[in-house]
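These notes are about the structure you will find just below.
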Amino acid sequence: MNTTQLIKSAQIDGVELHQVRLVSLDEHKDHRGSFTEIFQDHWGTVLKPVQWSAVKSEANVFRGMHFHVRHDEYFCLLEGHCLLGLRDLRPGSPTQHKSALFELFGEDPAALVFPVGMLHGWYFFTPSIHVQAVSEAYPDYGADDNWRCRWNDPELELNWGIENPILSDLAANAPSLQGLINGLTFKGYFS
């Protein structure tokens, strides 16, 4: 990468998804280090957090694609470089079946907040640390609201531009997008 190139966290592909918000964060630096507010209620996002998590990922790791029917999410990359992909599966949403891809840099802090019903995943180019918040705690959603699909299914319309990422066993064996939709339909999500 050209070091004179401006590093800017931004949406790089897809459409502007309904109720998804990328918030630029102000990092206040001085001789001691820096201070950055990473969440404010007054932003007016969909998220009312109940659980915060710090996550470390190695280079070439892909996490997702995850889907939840009960909680909103927040993602803030603190260190590193990643792609974050979303696919709107919300019935009746004005952007249903549309996708968006964001590129985030720890050097340009931003928070991505998205509502329930967004299929989501993230790929890390470099060793990275991110903060994640959800509006429902893992002990409440982990067993019955932690759906998945294959990260590279062409039906997602997410141009990751990557090959052979490091996946969890669950991600490596995830069904297609249509398989996920069939499972959610069976459970009554799309009825």
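Taken together, the values in this text are just the output of simple stated rules run on the coordinates, not laboratory data. Computed from a prediction, not measured in an experiment: that's the story for all the values here. We place every Cβ from the backbone using ideal geometry, glycine too, and count neighbours over all the protein chains shown.
Return the Rg/Rh ratio of the stretch 1-128 with Cα-based radii and a Kirkwood Rh.
On the way: Rg = 14.9 Å, Rh = 15.5 Å.
Reported Rg/Rh, Kirkwood definition of Rh: 0.96.
Which residue fluctuates most in the GNM of the chain (Cα springs below 10 Å): VAL23, VAL69, VAL55?
The residue that fluctuates most here is VAL55.
Would you order PHE75, PHE186 from fewest to most other beta-carbon atoms within 10 Å of each residue's own beta-carbon?
Numbers: PHE75 21, PHE186 10.
So the ranking, lowest neighbour count to highest, is PHE186, PHE75.
Need the C-alpha centroid separation for the stretch 129-190 versus the stretch 20-97, integer Å.
16
Gaussian network model of the chain, Cα springs within a sub-10 Å range: biggest mean-square fluctuation belongs to which of HIS81, HIS66, HIS42?
Of HIS81, HIS66, HIS42, the most mobile in the Gaussian network model is HIS42.
Can you sort SER176, SER99, SER128 so the residue with the fewest Cβ neighbours within 10 Å comes first?
Numbers: SER176 14, SER99 20, SER128 23.
Ranked by crowding around the Cβ, least crowded first: SER176, SER99, SER128.
How high is the relative contact order of the chain, given as a whole-number percent (alpha carbon pairs under 8 Å, six or more residues apart)?
Values: 420 pairs, mean separation 56.4, N = 191.
About 30 percent, as a whole number.
Which three numbers, in whole Å and largest first, are the semi-axes of the equivalent ellipsoid of the stretch 7-70 derived from its Cα gyration tensor as √(5λ)?
Details: eigenvalues 112, 69, 52 Å².
In descending order the semi-axes read 24, 19, 16 Å.
Rounding to the nearest 20 debye, state how big the charge dipole of the chain is about its Cα centre with +1 on each Lys and Arg Cβ and -1 on each Asp and Glu Cβ.
Values: 14 positive and 24 negative charges, 57 e Å.
My answer is approximately 280 debye.
What GluC sites (Glu not before Pro) in the stretch 73-176 are in a loop by DSSP, with at most 10 other Cβ atoms within 10 Å of the Cβ? Don't skip to the end; give the middle numbers.
Numbers: sites: GLU73, GLU79, GLU103, GLU107, GLU136, GLU155, GLU157, GLU163; in loops: GLU107, GLU136, GLU157, GLU163.
In loop regions of the stretch 73-176 (DSSP not H, G, I, E or B), the sparsely surrounded GluC sites (Glu not before Pro) are GLU163.
Over the stretch 16-79, what is the relative contact order in whole percent, taking alpha-carbon pairs under 8 Å and six or more residues apart? Kindly include the intermediate steps, with their values, before the conclusion.
On the way: 23 pairs, mean separation 16.7, N = 64.
Dividing the mean separation by the residue count of the stretch 16-79 yields 26 percent.
Can you quote the Å³ per residue value for the convex hull of the Cα atoms in the stretch 57-191, rounded to an integer?
Spread over its residues, the Cα hull of the stretch 57-191 gives 107 Å³ apiece.
When the Debye formula is applied to the Cα atoms of the stretch 116-191, each taken as the same point scatterer, what base-10 log of I(q)/I(0) results at q = 0.14, 0.15, 0.16, 0.24 Å⁻¹?
-0.57, -0.65, -0.74, -1.42
Can you give me the angle between helix 177-186 and the longest principal axis of the chain, using Cα atoms only, in degrees from 0 to 90, rounded to the nearest 10?
In the chain, helix 177-186 runs at an angle near 60 degrees to the longest axis.
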